[in-house]
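**Q** Take this structure first; my questions come after.
The values are calculated or read from the model by the stated rules, or taken from the named source; none is laboratory data. Fair warning: this is a prediction, and the values are worked out from it, not measured in the lab. All Cβ positions, glycine included, derive from the backbone under ideal geometry; neighbour counts span all protein chains shown.
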Amino acid sequence: MRVVFVNPPLPLIGHIAFGVIDRGTSVIQVRPTSICGLNCVFCSVDAGPYSKRRVSEYIVREPEQLVEWAGRVASIKGSVEALIDGVGEPLTYPWIVELVDGLKRLRSIRSVALETRGYLLTRRLVDRLEEAGLDRINLSIDALNPELARRLAGVRWFNVERVVEAAEYVARETSIDLHIAPLWLPGLNDDEIPRIIEWGLRIGAGRKWPPFGIQKYVAHKYGRKPPGVREVGWDEFYEWLERLERRVGVSLRPRPEDFGFRSAPRYPVSLRRGDKVRVEVVLPGWMRGEMIGSYKKRVLVTIVGSRGLEPGDRVPVRIIRDKDGILIGMPL
Ligand code: SF4
C-alpha cells in the first residue's frame, strides 16, 4: 500500500477518496485523507491496514488548498454545512485542526461537523478542535462492550473505553455538540444499541442537533461482510426502530430538516457522461487497474482499465459515470 500526497495545483474535486464532494444539497463533504487504522468487520469501503482492494491511500498535503476548494463549492450554494468525512478516518489527518479552522473562516459555511470513530480523540485534541470552532462530532460507535467493540473494529488494540471517555468529555465539557450514530448489525450488536442510546442520553448528546441517527447495515459489493449478520429490509428496520423509540422514549429517526439540510445548486463540474476528452495522468489510482487524471486542472477523473499508463501521459477518455460530480473515464 502506498501513501500518495495530493499537492497543488491539482483540482480537489471529482474523486471519491479525497477532496470535496457535492451531492446537490446544503452539505458539502470535505475529505482530507482516505487513511484508517481500523479494520471494521463491516466496513463498506474496505478501509484499513488489511484492505484487499486498495492500492493507494491519499493525504491532501495543504489544508489551505482543501479550504479553498470547499469555499469555491460552498459559495455557489449560499449557506452550507461542511462535513469532514471520508472513506477512512478523518482524525488520521495531521492538519485536522487547521482544516476546521480554515473552514470556519469561510462566510458561506455555517457549521463544520466531523465524522469519526473517535479512537484518536484525546482531551487535548478535543480542546484544539473546540478552539478552532468545530460545531459537531458525529460519533460512530457500535458497542460499549469492550470485547465486542474490539471484534467489530477488527484490531486487537481498539479500546472503546477511551472513545467513551473522550465522547463524555466532548458532551460535558465543550461547546461541540455530539451526535451518536451506531450501526445496527442484526444478530451481532442488538443489545448494544439501547445501551448506547441510554449512555448518550445520560451524557447529554444532541444539544443542538438530533442526538442519535441509527444506521442500517447494508452489504456493499466491495465492502466487508461480517459473518453472522443478517441484512434486514427497510420495513423491518423501521419497525425495529419504532419499537426501540417506544422503549427509550426518544426519536431515533432524524429528518434531514432537523440538520437544516435542503437541496442546493451544484458546483458545475465541466464534464458529463458521454463526453470524450483528453486528460493528463497525475496520480496513481485508488484501486488496482486505475489511475487518476486531471482535466484542464479543473476536475479529476478516475481512469479505469488504465494498464500501461504513467503519470505525465496524456490520454483520451470517454466519461462513463458522472454521479454527484465523481467522474469515471475509460481510455478510448
Ligand atoms: S468503518 Fe470507518 S473506521 Fe472502520 S475501517 Fe471503515 S473507514 Fe475505518
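**Q** Which of the following residues is within 16 Å of the ligand (Cβ to nearest atom), in the same structural domain as ARG23 (by TED's automatic domain parsing) and over 19 Å from ILE326 (Cα atoms): ILE84, ILE59, ILE96?
**A** Values: ILE84 fails: over 19 Å from ILE326 (Cα atoms); ILE59 fails: over 19 Å from ILE326 (Cα atoms).
Being within 16 Å of the ligand (Cβ to nearest atom), in the same structural domain as ARG23 (by TED's automatic domain parsing) and over 19 Å from ILE326 (Cα atoms) holds for just one of ILE84, ILE59, ILE96, which is ILE96.
**Q** Residue check: is THR116 within 16 Å of the ligand (Cβ to nearest atom), without any contact (Cβ under 8 Å) to a residue 40 or more places away in the chain and of a type in the set (S, T, N, Q)?
**A** Numbers: within 16 Å of the ligand (Cβ to nearest atom): yes; without any contact (Cβ under 8 Å) to a residue 40 or more places away in the chain: yes; of a type in the set (S, T, N, Q): yes.
So THR116 fits the description; yes.
**Q** Out of ARG136, ARG123, ARG172, ARG162, report the one residue that is charged (D, E, K, R) and buried (at least 22 other Cβ atoms within 10 Å of the Cβ).
**A** Working: ARG123 fails: buried (at least 22 other Cβ atoms within 10 Å of the Cβ); ARG172 fails: buried (at least 22 other Cβ atoms within 10 Å of the Cβ); ARG162 fails: buried (at least 22 other Cβ atoms within 10 Å of the Cβ).
The conditions single out ARG136.
**Q** For segment 8-52, name all the residues that are part of a loop (DSSP other than H, G, I, E, B), closer than 23 Å to ARG272 by Cβ and of a type in the set (A, V, I, L, M, F, W, C).
**A** Going residue by residue through segment 8-52, those that are part of a loop (DSSP other than H, G, I, E, B) are 8-12, 14-18, 23-24, 26, 32, 34-52.
Subset that is closer than 23 Å to ARG272 by Cβ: 10-12, 14-18, 23-24.
Selection gives LEU10, LEU12, ILE16, ALA17, PHE18.
**Q** Residues that are under 23 Å from the mean Cα position of the chain (by Cα) and either over 29 Å from ASP135 (Cβ atoms) or assigned to a helix (DSSP H, G or I) (or both): does segment 238-253 have at least one? Spell out the reasoning first.
**A** Residues of segment 238-253 under 23 Å from the mean Cα position of the chain (by Cα): 252-253.
When the remaining residues are screened for being either over 29 Å from ASP135 (Cβ atoms) or assigned to a helix (DSSP H, G or I) (or both), the result is none.
No.
**Q** Does segment 1-16 contain at least one residue that is buried (at least 18 other Cβ atoms within 10 Å of the Cβ), touching a residue at least 40 places away in the same chain (Cβ under 8 Å) and within 12 Å of the ligand (Cβ to nearest atom)? Write out each step before concluding.
**A** The first filter runs over segment 1-16 and keeps only residues buried (at least 18 other Cβ atoms within 10 Å of the Cβ), leaving 4, 6, 10-16.
If we keep only those that are touching a residue at least 40 places away in the same chain (Cβ under 8 Å) as well, we get 4, 6, 10-16.
Keeping just the survivors that are within 12 Å of the ligand (Cβ to nearest atom) gives none.
No, the conditions are met nowhere in segment 1-16.
**Q** Among the candidates SER34, SER26, single out the residue that is farther than 18 Å from GLN215 by Cβ and within 11 Å of the ligand (Cβ to nearest atom). Break it down stepwise before answering.
**A** Numbers: SER26 fails: within 11 Å of the ligand (Cβ to nearest atom).
Selected residue: SER34, the only one of SER34, SER26 that is farther than 18 Å from GLN215 by Cβ and within 11 Å of the ligand (Cβ to nearest atom).
**Q** Then there's this: Looking at this structure, is ALA205 over 19 Å from the mean Cα position of the chain (by Cα) and either under 15 Å from ILE137 (Cβ atoms) or of a type outside the set (Gly, Ala, Ser) (or both)? Steps first, please.
**A** On the way: over 19 Å from the mean Cα position of the chain (by Cα): yes; either under 15 Å from ILE137 (Cβ atoms) or of a type outside the set (Gly, Ala, Ser) (or both): yes.
Considered against the rule, which asks whether it is over 19 Å from the mean Cα position of the chain (by Cα) and either under 15 Å from ILE137 (Cβ atoms) or of a type outside the set (Gly, Ala, Ser) (or both), ALA205 comes out as yes.
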